[in-house]
There are 2 protein chains.
Amino acid sequence: MLKFNEEKQVESVNGALQLRGSIEKIVDEIYAAGFDNIFYLGIGGTYASSMQAVTYITGKSALPVYVENAAEYLTTGNRKLTSKSVVIISSVTGSTEEMVRAVSQVKEIGARILGFIDVKDTPLAQSVDYLISYPANEQIKFFMVADRFMFNNGDFPQYEQFYKELDEHLAIALVEAEKAADSFGMKFAQDHKDDSMHYFIGAGNQWGAVYSYAMCYWEEQHWLRSKSIHSSEFFHGTLEVIDRDTAVTLFIGEDEQRPLSERVAEFLPRVCSRYTIIDTKDYELKGISPEFRGRISHLVLRAITSRIDAYVEKLNCHPMEIRRYYRQLKY
Amino acid sequence: MLKFNEEKQVESVNGALQLRGSIEKIVDEIYAAGFDNIFYLGIGGTYASSMQAVTYITGKSALPVYVENAAEYLTTGNRKLTSKSVVIISSVTGSTEEMVRAVSQVKEIGARILGFIDVKDTPLAQSVDYLISYPANEQIKFFMVADRFMFNNGDFPQYEQFYKELDEHLAIALVEAEKAADSFGMKFAQDHKDDSMHYFIGAGNQWGAVYSYAMCYWEEQHWLRSKSIHSSEFFHGTLEVIDRDTAVTLFIGEDEQRPLSERVAEFLPRVCSRYTIIDTKDYELKGISPEFRGRISHLVLRAITSRIDAYVEKLNCHPMEIRRYYRQLKY
């Protein structure tokens, strides 16, 4: 299988899950000390992950949690973000300009910052109150924080059972999903590698991942045009430009917003012949209880799209690492 | 001037501003009684207006205010929306399915609902706690509510002065902006009526309007493909698909997020030859003090784009009223 190292991926996910002890200690300490608001602060891909975490929490908990975009924060500010607030961030490089500046502003205000910064010795990593350095797996990290806050808040009584299942089965379930999606991914890449435009639709905890897939993968890494649209919003505008030959991919997850995407699934075949439906229900996820599957729908999405990416990259002879403008020009 | 009735538009805006007495009475009553959270609840175009109002408030006030999407609310719910909450909605027809169902759910919870429903005798209009029926001007209505909440909260000491200026000058300032934009609108329509794809970029209180312009106007009413992207997020993906011939329109407003759009304005000419910049600063807005101009940037945007719409409609022989699928099919 192309660009697939099973052992390394299993190790990566399991290593992320093993951060739980550290995360629990930090979140429990913050929860006990008290706070007014929780902010997931990001930009681009990390903003997308932040949206996912906040959507995930909203239906399950009354915790006062907000998404904040780093660049918007730097200009508009946020009067709800105070010295009593908690800010959760993630950065691979530790050098994203907007994040570095936003964190410096948050520090002046005196809010506590929990940072997942992969590169430990960057100034950004050194400046956060609670640092966890471990590569990749941003969504797992963000959701572990969310889950621990909700556990403390009495919103997640099945917490221990859920993480027992993840510890034992998640890593394997995800690589198995990748294997199961491999031939589909190849076919999809063959069919869509030359698309002039591709619409990606999704909802729930997958929405942030869909937003990011269109923007951070198709646009940024494949240089292919794409638009993401939420399943709920699709019916209020975008549907009108869909016709027989429009390339549309709908992601269906298993959380509470599943019906929103199912509605799109019923509509699409009536007006379009070039649609694809990617439903997490079609993947086994051995060892994960039915009631917990929705909580990881966004991770399953990513396992499947990673197969598409591997083949688009190869077929288009376009290494995903290259950038036309990002960090190539000063702007 | 095409599709332009100066007298009617002045009357429409002034009539909306005259709702202020009723709005003040309602908001003052709610504020005095107390509340836990404020929600702007919408879908499609009204969701976009909700985003604008919440962005507008965020930097100016610590009021606990959230955007909520009606369809997401119907599935995920929102544990922060309680019997002590305030929900603000708007609906032209009073019949949008998701809104009708969401409001019914909110009523069960017992939150107070302030509704701007243009059609007074719909069940939706009859079901809200506070009803204001007046056609169009959704953004002015939403922002008047926001401003009165902030005034009560001590976040807007210049409230009276600001509204004195709007009462005296806004309606004329906006029709004058339309007139000033007319020849530009015609040229823009000529240049872009056949675009296979058009990118719209913006920030601040204009962001919701940009999101809506791409989706509710170009896609829904002109059947033209478009993608909206926030000025802050543009640099984290979408920039990579912009090349010499890409049609890109950047909106620049005058609120705190202006620098985010200015950054895009500096970048675009280096990589693209088919970009347009629409800056509210180029419009006079007679009688509006410099410090207040940013608060109405989204209205100026709409005045300008309405000129584009008039000419795209005419040149493309595509009446903006027609829909391919929306309310034509059951789905």
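Here are the criteria: (1) under 30 Å from A:GLN18 (Cα atoms); (2) buried (at least 24 other Cβ atoms within 10 Å of the Cβ). Tell me which single one A:ALA180 does not satisfy.
The single condition A:ALA180 does not satisfy is (2).
Here's a check for you: in region A:259-288, which residue that is of a type in the set (Ser, Thr, Tyr) and not in a helix (DSSP H, G or I) is farthest from the chain's Cα centre (by Cα)?
The selected residue is A:SER273.
Only one residue in A:GLU291, A:GLU321, A:GLU256 is open to solvent by 30 Å² or more (accessible area, probe 1.4 Å) and in a helix (DSSP H, G or I). Which one?
The match here is A:GLU291.
Do the conditions hold for A:VAL13, that is, is it touching a residue at least 12 places away in the same chain (Cβ under 8 Å), open to solvent by 10 Å² or more (accessible area, probe 1.4 Å) and either in a helix (DSSP H, G or I) or not aromatic (Phe, Trp, Tyr) (or both)?
It is true that A:VAL13 is touching a residue at least 12 places away in the same chain (Cβ under 8 Å), open to solvent by 10 Å² or more (accessible area, probe 1.4 Å) and either in a helix (DSSP H, G or I) or not aromatic (Phe, Trp, Tyr) (or both).
Restricting attention to region B:38-47, which residues are touching a His at 6+ places or on another chain (Cβ under 9 Å) and small (Gly, Ala, Ser)?
Those that are touching a His at 6+ places or on another chain (Cβ under 9 Å) and small (Gly, Ala, Ser): B:GLY44, B:GLY45.
Quick one: which residue in A:PHE251, A:PHE267, A:PHE234 is surrounded by fewer than 24 Cβ atoms within 10 Å (Cβ to Cβ) and among the aromatic types (Phe, Trp, Tyr)?
A:PHE267
Every residue, every condition in (1) over 21 Å from the mean Cα position of the chain (by Cα); (2) in a strand (DSSP E or B); (3) farther than 25 Å from A:ALA214 by Cα; (4) not assigned by TED's automatic domain parsing to the domain that holds A:LYS141, yes or no:
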site: A:GLN52; (1), (2), (3), (4): no, no, no, no
site: A:SER61; (1), (2), (3), (4): no, no, yes, no
site: A:TYR66; (1), (2), (3), (4): no, yes, no, no
site: A:THR82; (1), (2), (3), (4): yes, no, yes, no
site: A:ILE88; (1), (2), (3), (4): no, yes, no, no
site: A:SER95; (1), (2), (3), (4): no, no, no, no
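Regarding A:LEU285, is this residue on the phi > 0 side of the Ramachandran plot and in contact with a Lys or Arg (Cβ under 7 Å, 6 or more places away or on another chain)?
Yes.
Identify, from the list B:GLN221, B:GLN206, the residue that is open to solvent by 10 Å² or more (accessible area, probe 1.4 Å) and among the polar types (S, T, N, Q).
Among B:GLN221, B:GLN206, only B:GLN221 is open to solvent by 10 Å² or more (accessible area, probe 1.4 Å) and among the polar types (S, T, N, Q).
For region B:215-244, what are the residues that are touching a Lys or Arg at 6+ places or on another chain (Cβ under 6 Å) and assigned to a helix (DSSP H, G or I)?
B:GLU240, B:VAL241
Of everything in region A:193-214, what is more than 20 Å from A:ILE322 (Cα to Cα) and in a helix (DSSP H, G or I)? Give them in sequence order.
Matches in region A:193-214: A:GLY204, A:ASN205, A:GLN206, A:TRP207, A:GLY208, A:ALA209, A:VAL210, A:TYR211.
Which one of these does A:GLN161 not meet: (1) more than 30 Å from A:THR82 (Cα to Cα); (2) surrounded by fewer than 19 Cβ atoms within 10 Å (Cβ to Cβ); (3) touching a helix residue (DSSP H, G or I) at 6+ places or on another chain (Cβ under 7 Å)?
With respect to (1) more than 30 Å from A:THR82 (Cα to Cα); (2) surrounded by fewer than 19 Cβ atoms within 10 Å (Cβ to Cβ); (3) touching a helix residue (DSSP H, G or I) at 6+ places or on another chain (Cβ under 7 Å), A:GLN161 is out only on (3).
Tell me the residue from B:VAL241, B:VAL248, B:VAL264 that is in contact (Cβ under 8 Å) with a residue 24 or more places away in the chain and farther than 27 Å from B:LYS60 by Cβ, please.
Of the residues listed, the single one that is in contact (Cβ under 8 Å) with a residue 24 or more places away in the chain and farther than 27 Å from B:LYS60 by Cβ is B:VAL248.
If you check B:THR46, B:THR55, which single one turns out to be more than 19 Å from A:ASN69 (Cα to Cα), out of contact with any Leu (no Cβ under 8 Å at 6 or more places or on another chain) and touching a residue at least 40 places away in the same chain (Cβ under 8 Å)?
That would be B:THR46, the only listed residue that is more than 19 Å from A:ASN69 (Cα to Cα), out of contact with any Leu (no Cβ under 8 Å at 6 or more places or on another chain) and touching a residue at least 40 places away in the same chain (Cβ under 8 Å).
Pairs needed: first member in region B:309-331, more than 10 Å from chain A (Cβ to nearest Cβ); second member anywhere, loosely packed, with under 14 Cβ neighbours inside 10 Å and in a loop (DSSP other than H, G, I, E, B); C-beta distance under 6 Å; at least 6 residues apart or different chains.
Every condition considered, the pairs that remain are B:ALA310/B:LEU2; B:ALA310/B:LYS3.
Of the residues B:ASP155, B:ASP167, which is within 13 Å of B:VAL13 (Cβ to Cβ) and surrounded by fewer than 21 Cβ atoms within 10 Å (Cβ to Cβ)?
B:ASP167
If you go through region A:295-309 one residue at a time, do you hit one that is in the same structural domain as A:PHE188 (by TED's automatic domain parsing), open to solvent by less than 50 Å² (accessible area, probe 1.4 Å) and in contact with a Lys or Arg (Cβ under 6 Å, 6 or more places away or on another chain)?
No, there is no match, as no residue in region A:295-309 is in the same structural domain as A:PHE188 (by TED's automatic domain parsing), open to solvent by less than 50 Å² (accessible area, probe 1.4 Å) and in contact with a Lys or Arg (Cβ under 6 Å, 6 or more places away or on another chain).
Hey, could you check region B:183-203 for residues that are aliphatic (A, V, I, L, M) and within 30 Å of B:THR58 (Cα to Cα) and say which is surrounded by the fewest Cβ atoms within 10 Å (Cβ to Cβ)?
B:ILE201
Could you tell me whether A:ALA53 is more than 10 Å from chain B (Cβ to nearest Cβ) and crowded, with 23+ Cβ neighbours inside 10 Å?
yes
Against the conditions (1) assigned to a strand (DSSP E or B); (2) within 11 Å of chain B (Cβ to nearest Cβ); (3) of a type outside the set (Asp, Glu); (4) surrounded by 24 or more Cβ atoms within 10 Å (Cβ to Cβ), where does A:ALA71 fall short? Just the number, please.
Only one criterion in (1) assigned to a strand (DSSP E or B); (2) within 11 Å of chain B (Cβ to nearest Cβ); (3) of a type outside the set (Asp, Glu); (4) surrounded by 24 or more Cβ atoms within 10 Å (Cβ to Cβ) is unmet by A:ALA71, namely (1).
Could you say whether any residue in region B:131-151 is without any contact (Cβ under 8 Å) to a residue 60 or more places away in the chain, in the same structural domain as B:SER61 (by TED's automatic domain parsing), open to solvent by 10 Å² or more (accessible area, probe 1.4 Å) and within 29 Å of A:THR75 (Cα to Cα)?
Yes.
Given (1) within 7 Å of chain A (Cβ to nearest Cβ); (2) out of contact with any Cys (no Cβ under 8 Å at 6 or more places or on another chain); (3) not polar (S, T, N, Q), identify the lone condition not met by B:VAL210.
(1)
I'd like to know if region A:182-192 contains one or more residues that are more than 12 Å from chain B (Cβ to nearest Cβ), touching a Leu at 6+ places or on another chain (Cβ under 6 Å) and under 24 Å from A:GLU321 (Cβ atoms).
The answer is yes; a qualifying residue exists.
The values are calculated or read from the model by the stated rules, or taken from the named source; none is laboratory data. Everything quoted here is computed from the prediction, not taken from an experiment. Neighbour counts are summed over all protein chains in view; Cβ atoms, including those assigned to glycine, are modelled from backbone coordinates with ideal geometry. Just the protein is used for accessible areas: all its heavy atoms, side chains included, with ligands, DNA and RNA removed. Shrake-Rupley method; radii C 1.70, N 1.55, O 1.52, S 1.80 Å.
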